[in-house]
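The values are calculated or read from the model by the stated rules, or taken from the named source; none is laboratory data. All figures in this text were calculated on a predicted structure; none of them were measured in a lab. For neighbour counting, all protein chains shown are included, and Cβ atoms are generated from backbone atoms with ideal geometry for every residue, glycine included. Note: accessible area is taken over every heavy atom of the protein model, side chains too, but ligands, DNA and RNA are not part of it. Shrake-Rupley method; radii C 1.70, N 1.55, O 1.52, S 1.80 Å.
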Amino acid sequence: MDPSHIFGFLGAVIEIALIDLLLSGDNAIVIALACRGLPRQVWRRVVWFGTLAAVALRIALTALAALILNVPFLKLVGAVFLVAIAIKLTAPDAHRETHNAGQRYGLWSALAAILIADTVMSADNVLAVAAASHGSYLLLSLGLALSVPILIFASRMVSHALDRYRLLIPAGGALLGWVAGEMAVSDPAVKGWIDEHAVQLATAATFIGAAGVLAAG
């Protein structure tokens, strides 16, 4: 193979990985919040399974990205799910069930939270990585796989910070609420009306989402 083709291929893989990482900061927070309180062995399993499954879902979503983003009310429903997850993850007793090292419910509950939240938040992200992959599922798969260990490392660092600085827990939940607010106002069913009649609502929705999670959590 021509060396220029090899470098071009590797460059595209790294580009996809960097784009995914830049757009996935909130995913690291979800992983850290979902795994808060889990024993170390269980934490590792949840993070690896959850991240790998999320990457597989993202690859599948890329093929449907254009269709998904144009379905009315889908983002609104996703925003509601994300707010509900954020409240659950930041509530004081959210991880009471995970203190027992052998409990299966804690593992599956954390996995479900990671997968649902990642699926909800990935709709916009997949457009960027799809464009960078130029229709190649091999490039897409390798680029997303390259981002996995970095994302896991980042979530581990965030998890340590959450354990050490407890005030970061509601801050993380508020960030997810903020993302949910942005998602809601970008839904095709309401975006046109908001842009024409209530531009301020687009900004207010992010604050409402963050404040709602803080108040409920």
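Could you give me the ³J(HN,Hα) list for segment 180-186, computed from phi with Karplus coefficients 6.51, -1.76, 1.60 and θ = phi - 60°, whole Hz, x at Gly and Pro?
Ordered by residue, 3J(HN,Hα) equals 4, x, 4, 5, 4, 6, 9 Hz.
For segment 140-217, report the accessible area per residue in Å² (1.4 Å probe, heavy atoms, rounded to an integer).
In whole numbers, segment 140-217 has 53 Å² accessible per residue.
Order 186-199, 32-45, 6-19 from most to least packed using the mean count of other Cβ atoms within 10 Å.
Ranking, from highest mean packing down: 32-45, 6-19, 186-199.
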